[in-house]
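Everything on this sheet refers to the single structure shown next.
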Amino acid sequence: MSLNLLDQPGFWQLAARAEKMNPSVIREILKVTEKPGIISFAGGLPSPRTFPVAEFAAACAKVLREDAHASLQYAASEGYGPLREMVAAALPWPAEASQVLITTGSQQGLDLLAKVLIDEGSRILVETPTYLGALQAFAPMQPEVVSVQSDDEGVVIDDLVGKSKGARFLYVLPNFQNPTGRTMTEARRAALSRRAAELGLPLVEDNPYGDLWFDAPPPAPMTARNPDGCVYLGSFSKVLAPGLRLGYLVAPKGLYPKLLQAKQAADLHSAGFNQRVVAEVMADGFLERHVPTIRALYKSQQGAMLAAMREHMPAGVSWNTPAGGMFLWARLPEGMDAVRLLPRAVEHNVAFVPGAAFYADHSDPRTLRLSFVTASVDEIKTGVAALAQAIRQAGKE
């Protein structure tokens with residue numbers, strides 16, 4: 001008979017930080033969407049239709065033909081030099097490649113920042129609501145997470161000032177935010193950058209969706225206004241393919257060495273082969289041709305969802321119209337709860353993410369996030385109609 005050591009008292013003693021780790025609500029919901037026939041508005045997954053498969057096939061063959069040994073060998077923790085140079089050159093402010101750290105997805109950038117900047121009990125500030133993955137990355141370091149009031153224009157400056165004392169940083173997603181899809185206005189960015197500098201409050205600016213604008217690009221990043229007071233996070237997941245697990249951070253020179261040391265301890269380096277393939281794909285300006293096709297597709301899918309919402313949703317349901325990105329943010333009628341609605345929606349073969357998971361505190365149970373980029377136009381029409389029916393039935397209970 002085998003002995004299960006996990007069942008023995010005191011054999012494995014978890015660290016206090018492990019108790020702070022929680023499963024991703026979104027990942028758990030994605031398991032539900034594997035049920036045949038489910039139309040999923042839940043995952044923030046880029047459309048597979050946007051993956052440049054032919055370009056990757058050609059780049060993989062070239063890298064293996066011309067640079068096989070180096071691409072399959074251990075590599076520098078900072079990342080592949082030519083790719084770092086491409087990232088630095090594309091930034092809308094002067095930055096050096098030596099400030100760019102290639103990460104295993106931008107999610108790793110959040111993890112590295114948490115390890116380097118957060119002590120137990122440290123105050124960190126986030127938007128209301130904010131990205132669930134950031135809350136997960138920060139939680140094991142056992143910070144005091146404080147939500148700053150946010151409106152349609154972004155962070156509310158007066159509330160920020162009142163909560164900023166002793167804060168290690170403010171984490172913000174200014175472009176087509178996950179989960180709400182909102183974009184911080186130019187006026188609010190200017191005010192936030194100025195006030196944060198006056199307060200000595202560092203900013204962590206996460207920008208995975210900034211290239212996915214529909215009609216006009218968003219305002220300049222806040223990092224461009226104060227590079228020494230910000231860390232900037234970016235990703236190749238939304239413009240190339242998430243399976244590559246490649247992102248990057250751009251850090252002030254004084255902070256960079258500690259982030260690099262954290263990266264070395266985490267995984268030595270991100271996949272060198274993947275980095276070379278991405279650099280090869282991007283070498284001839286491919287993104288300038290490719291990203292507009294993603295924008296056009298996502299704009300049409302968002303239009304289909306908005307039209308279906310207007311046609312089918314019952315009175316009392318409200319939603320926004322983001323200027324880009326991958327998500328809509330909706331709110332149920334008074335007295336309803338999105339968590340309780342989800343099982344009924346699944347019975348109608350449609351799934352979404354309840355909004356409560358995206359709040360650090362004082363969550364709004366009536367909110368929900370809808371992703372419009374993975375489902376087809378026909379699936380969007382069918383799924384929204386089914387969701388509306390589920391809402392009507394729940395409202396009668």
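The values are calculated or read from the model by the stated rules, or taken from the named source; none is laboratory data. Only a predicted model underlies this, so the values are computations on that prediction, with no experimental measurement involved. Using ideal geometry, Cβ is built from the backbone for each residue, glycine included, and neighbour counts are taken over all protein chains shown. To get the accessible areas, we keep the full protein, side chains included, count just its heavy atoms, and leave off ligands, DNA and RNA. Shrake-Rupley method; radii C 1.70, N 1.55, O 1.52, S 1.80 Å.
Numbers for the structure displayed
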quantity: Complete set of residues in segment 339-358 that are open to solvent by 10 Å² or more (accessible area, probe 1.4 Å), touching a residue at least 60 places away in the same chain (Cβ under 8 Å) and part of a loop (DSSP other than H, G, I, E, B); calculated: ASN349
quantity: Breaking point among (1) touching a Lys or Arg at 6+ places or on another chain (Cβ under 6 Å); (2) aliphatic (A, V, I, L, M); (3) farther than 21 Å from ILE118 by Cβ, for MET222; calculated: (3)
quantity: Test: residue in segment 132-139 that is in contact (Cβ under 8 Å) with a residue 24 or more places away in the chain, of a type outside the set (D, E, K, R) and surrounded by fewer than 18 Cβ atoms within 10 Å (Cβ to Cβ); calculated: no
quantity: Single residue of LEU5, LEU30 found to be over 30 Å from THR130 (Cβ atoms), at pLDDT below 85 and of a type outside the set (Val, Ile, Thr); calculated: LEU5
quantity: Yes/no for ALA283 being under 26 Å from ALA68 (Cα atoms), of a type in the set (Gly, Ala, Ser) and over 19 Å from the mean Cα position of the chain (by Cα); calculated: yes
quantity: Residue that is among the charged types (D, E, K, R), open to solvent by 10 Å² or more (accessible area, probe 1.4 Å) and either under 30 Å from GLY272 (Cβ atoms) or touching a Phe, Trp or Tyr at 6+ places or on another chain (Cβ under 7 Å) (or both), where the choices are ARG245, ARG188; calculated: ARG245
quantity: Long-range neighbours under 9 Å by Cβ, at least six apart or interchain, first residue farther than 13 Å from TYR209 by Cα within segment 288-301, second part of a helix (DSSP H, G or I) and open to solvent by 60 Å² or more (accessible area, probe 1.4 Å); calculated: HIS290/GLU55; LEU297/ARG49
quantity: Scope segment 89-128; condition among the hydrophobic types (A, V, I, L, M, F, W, C), outside any loop (DSSP other than H, G, I, E, B), touching a residue at least 12 places away in the same chain (Cβ under 8 Å) and open to solvent by 10 Å² or more (accessible area, probe 1.4 Å); matching residues; calculated: ALA97, VAL116, LEU117
quantity: Neighbours by Cβ (under 9 Å, 6+ apart or cross-chain): first from segment 373-390, among the charged types (D, E, K, R); second crowded, with 21+ Cβ neighbours inside 10 Å and assigned to a helix (DSSP H, G or I); calculated: LYS381/MET305
quantity: Total residues in segment 359-397, condition open to solvent by less than 10 Å² (accessible area, probe 1.4 Å), within 18 Å of THR180 (Cβ to Cβ) and in a loop (DSSP other than H, G, I, E, B); calculated: 2
quantity: Those residues of segment 314-338 which are buried (at least 16 other Cβ atoms within 10 Å of the Cβ) and among the hydrophobic types (A, V, I, L, M, F, W, C), in sequence order; calculated: VAL317, TRP319, ALA323, MET326, PHE327, LEU328, TRP329, ALA330, LEU332, MET336, ALA338
